[in-house]
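The values are calculated or read from the model by the stated rules, or taken from the named source; none is laboratory data. Since we're looking at a predicted model, the values are computed, not measured. Reconstructed Cβ throughout: ideal geometry from the backbone, glycine too, with neighbour counts over all protein chains shown. With ligands, DNA and RNA removed, areas are computed over all heavy atoms of the protein, side chains included. Shrake-Rupley method; radii C 1.70, N 1.55, O 1.52, S 1.80 Å.
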Amino acid sequence: MPAGFPDFRLGTVLATSFTATLTERRGDAVERIPTPQRLADWLAVSGLAVDSCTAEQLELARELRESIHAAATAAALRDPLPQAAVEVINARSAQGRAAAVLTPDGKRRWQLSSATAVEDALGVIAADAISIISGERDGKLALCASPTCQAAFFDTSQSRTRRWCEMNTCGNRHKKARFNANHRKNRAAE
Ligand SMILES: [Zn+2]
């Protein structure tokens, strides 16, 4: 990983891993794809490797990311979906030309056309977002309980009671904050 760039927060759901390339949206936001190359890096680790990426394509990707974030947040709150966001998601989905390919060992991988690889990759991400926002996939959209995060995540736990977008970051920070608060209270009581 190149030094100086924030690392990626990769989950198991493509669309919400993508929205997690901008974290702490309600606090000190961290942009994890600050350059076209970092978007290319993110796509590579997400099974959507592209040869190159332009500044315009990065803009397109960020527009899709914020649209997915807005639509997924509305879906989690059971609000009407913002129409502008729906239009962007649909446009990226329609523009993508990726082909699903079955590998000899029975896995699915995406084949992107060389001329429009980034657009194809964004199409795959948009389609993934549609599958979780439409409710066709097993799971529930929810918002992270961290006040500085509030990221929309896809809860596939059996009880559907997950509170954090990620246990390693938001969940642990909450646990630590509670521990410190208790510690202070006990010390004050002494
Ligand atoms: Zn979170």
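So which residues in segment 94-119 are assigned to a helix (DSSP H, G or I), open to solvent by less than 40 Å² (accessible area, probe 1.4 Å) and either free of Cβ contacts under 8 Å to residues at least 40 places away in the same chain or of a type outside the set (Val, Ile, Thr) (or both)? So that I can check it myself, show each step before the final result.
Looking only at segment 94-119, we keep the residues that are assigned to a helix (DSSP H, G or I), and these are 94-95, 114-119.
In the following step, the residues that additionally are open to solvent by less than 40 Å² (accessible area, probe 1.4 Å) were identified as 117-119.
Ala117, Glu119 - these are the residues of segment 94-119 that are assigned to a helix (DSSP H, G or I), open to solvent by less than 40 Å² (accessible area, probe 1.4 Å) and either free of Cβ contacts under 8 Å to residues at least 40 places away in the same chain or of a type outside the set (Val, Ile, Thr) (or both).
If you check Leu122, Leu64, Leu39, which single one turns out to be assigned to a helix (DSSP H, G or I), buried (at least 19 other Cβ atoms within 10 Å of the Cβ) and in contact with a Cys (Cβ under 6 Å, 6 or more places away or on another chain)?
Details: Leu122 fails: in contact with a Cys (Cβ under 6 Å, 6 or more places away or on another chain); Leu64 fails: in contact with a Cys (Cβ under 6 Å, 6 or more places away or on another chain).
Within the list Leu122, Leu64, Leu39, the selection yields Leu39.
Please go through (1) over 30 Å from Pro147 (Cα atoms); (2) in contact (Cβ under 8 Å) with a residue 40 or more places away in the chain; (3) of a type in the set (S, T, N, Q) for Thr19 and return the number of the only condition it doesn't satisfy.
It fails just one condition, (1).
If I filter segment 108-124 for residues that are of a type in the set (Phe, Trp, Tyr) and within 16 Å of Thr16 (Cβ to Cβ), do I get at least one hit?
We begin by selecting, within segment 108-124, every residue of a type in the set (Phe, Trp, Tyr); these are 110.
From what's left, within 16 Å of Thr16 (Cβ to Cβ): none.
Among the residues of segment 108-124, not one is of a type in the set (Phe, Trp, Tyr) and within 16 Å of Thr16 (Cβ to Cβ), which makes the answer no.
Please find, within segment 17-33, the residue that is farthest from the ligand (Cβ to nearest atom) out of those that are open to solvent by 50 Å² or more (accessible area, probe 1.4 Å) and more than 15 Å from the chain's Cα centre (by Cα).
The residue in question is Asp28.
Restricting segment 150-185 to residues that are touching a residue at least 12 places away in the same chain (Cβ under 8 Å) and open to solvent by 70 Å² or more (accessible area, probe 1.4 Å), which is farthest from the ligand (Cβ to nearest atom)?
Just the residues of segment 150-185 that are touching a residue at least 12 places away in the same chain (Cβ under 8 Å), to begin with: 150-156, 160, 162-166, 169-170, 173-174.
Filter again for open to solvent by 70 Å² or more (accessible area, probe 1.4 Å), leaving 156, 162-163, 173.
Numbers: Thr156: 16, Arg162: 11, Arg163: 9, Arg173: 9 Å.
The residue in question is Thr156.
With the requirement that a residue be within 16 Å of Ile68 (Cβ to Cβ) and assigned to a helix (DSSP H, G or I), what does segment 131-189 give you?
Matches in segment 131-189: Ser131, Ile132, Ile133.
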